1. Hey, does the range 121-140 have a residue that's assigned to a helix (DSSP H, G or I) and crowded, with 18+ Cβ neighbours inside 10 Å?
2. Considering (1) part of a loop (DSSP other than H, G, I, E, B); (2) touching a residue at least 60 places away in the same chain (Cβ under 8 Å), say which one Gly107 fails and leave the rest.
3. Quick check: anything in the range 50-59 crowded, with 20+ Cβ neighbours inside 10 Å and in a loop (DSSP other than H, G, I, E, B)?
4. Determine whether Glu58 is at pLDDT 50 or above and closer than 21 Å to Gly106 by Cα.
5. Of (1) free of Cβ contacts under 8 Å to residues at least 40 places away in the same chain; (2) touching a Pro at 6+ places or on another chain (Cβ under 6 Å), Cys63 satisfies all except one. Which?
6. For the range 143-167, what are the residues that are surrounded by fewer than 17 Cβ atoms within 10 Å (Cβ to Cβ) and either touching a strand residue (DSSP E or B) at 6+ places or on another chain (Cβ under 9 Å) or under 19 Å from Leu217 (Cβ atoms) (or both)?
7. Give me a count of the residues in the range 141-152 that are touching a residue at least 12 places away in the same chain (Cβ under 8 Å), closer than 23 Å to Ser207 by Cβ and part of a helix (DSSP H, G or I).
8. Just to be sure I understand, how many residues within the range 160-172 are touching a residue at least 60 places away in the same chain (Cβ under 8 Å) and either hydroxyl-bearing (Ser, Thr, Tyr) or part of a helix (DSSP H, G or I) (or both)?
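The values are calculated or read from the model by the stated rules, or taken from the named source; none is laboratory data. The model shown is predicted, which means the values in this text are computed figures rather than measured ones. So basically every Cβ, Gly included, is an ideal-geometry build from the backbone, and we count neighbours across all protein chains shown.
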Amino acid sequence: MQRARRLACLVGLVVAGGALAGASCKTFDFPEGTCRSESLIAIADDASAHHACATCLEGRDACDRVGRCAADEQCASSVKATHACILVGGTHSKREEEACKREKLGGADAAVEAFEAMSGGCRASCGIELCQLDPAIAQIGSATCDGCISAACCGPLNACYANRTCKLILDCVAASCGEALSFGDSASPDVPCEQLVDRGPPAGLPSCIDGCIRRFLSREPEGQAGLCLAARVALCGQRARGCDRACPGPARDAGAGD
């Protein structure tokens, strides 16, 4: 805690006496007050990671901003909720981070400043990892559509490309189906892979996407996982802010088997 550090600084000044005449703790850039970061951190299942984040937030570069927010319960809750939103799914895109800030952080200066401290110098310590899109991932639709989907769905896209079945399905859709990125409402991440595979592609898909899935889907474990991963990419695209306008719809009468 920073109070202990300030006390150590004062003791040091007294011991040093005249050698440091005119010096102060501010000379050494110690924070103005005490800060407790626990109420701002959403890491709950890893004590070591929580400690690393807290240590950074209570350092001299962030402590004042963190302390001001921690003193206000609503401010602390909004920063913690933003942190939790970002941590879901591990690595994320800048677009996803901005969406979490819009939805959870609010506009209070103290909250904005505290989160800036967390996402600035403490980004790595607090597990806020930006996703780097696999450069091998095929362009989806137009450049505008691809830019929107890539920015919003970096994590699901990378996970898809790590699975051969999902990669083949996505490459087929990207090459043959224009800007179609709808796998149907029934393709929810909550549906077990076994159910998806047992009943085949979800009903109501554009014929091109249905054809891509049927071409590459298998009942092997990798195939089951691949369909789920592809569905998650589609669901992410459906939910991404602005991508419905960037990707206006499927190319009509396009068939994957042509």
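1. Going residue by residue through the range 121-140, those that are assigned to a helix (DSSP H, G or I) are none.
Within the range 121-140, none of the residues are assigned to a helix (DSSP H, G or I) and crowded, with 18+ Cβ neighbours inside 10 Å.
2. (2)
3. Of the range 50-59, the ones crowded, with 20+ Cβ neighbours inside 10 Å are 53-54, 56-58.
Restricting the remaining residues to those that are in a loop (DSSP other than H, G, I, E, B) gives 58.
So far as the range 50-59 goes, yes, one or more of its residues are crowded, with 20+ Cβ neighbours inside 10 Å and in a loop (DSSP other than H, G, I, E, B).
4. Working: at pLDDT 50 or above: yes; closer than 21 Å to Gly106 by Cα: no.
Considered against the rule, which asks whether it is at pLDDT 50 or above and closer than 21 Å to Gly106 by Cα, Glu58 comes out as no.
5. (1)
6. Ala162, Arg164, listed by residue number.
7. Filtering the range 141-152 for residues touching a residue at least 12 places away in the same chain (Cβ under 8 Å) gives 141-142, 144-145, 147-152.
Right, trim to closer than 23 Å to Ser207 by Cβ and you get 141-142, 145, 149.
This time we only want the ones that are part of a helix (DSSP H, G or I), so: 145, 149.
Going through the range 141-152 one residue at a time, the tally reaches 2.
8. Result for the range 160-172: 7.
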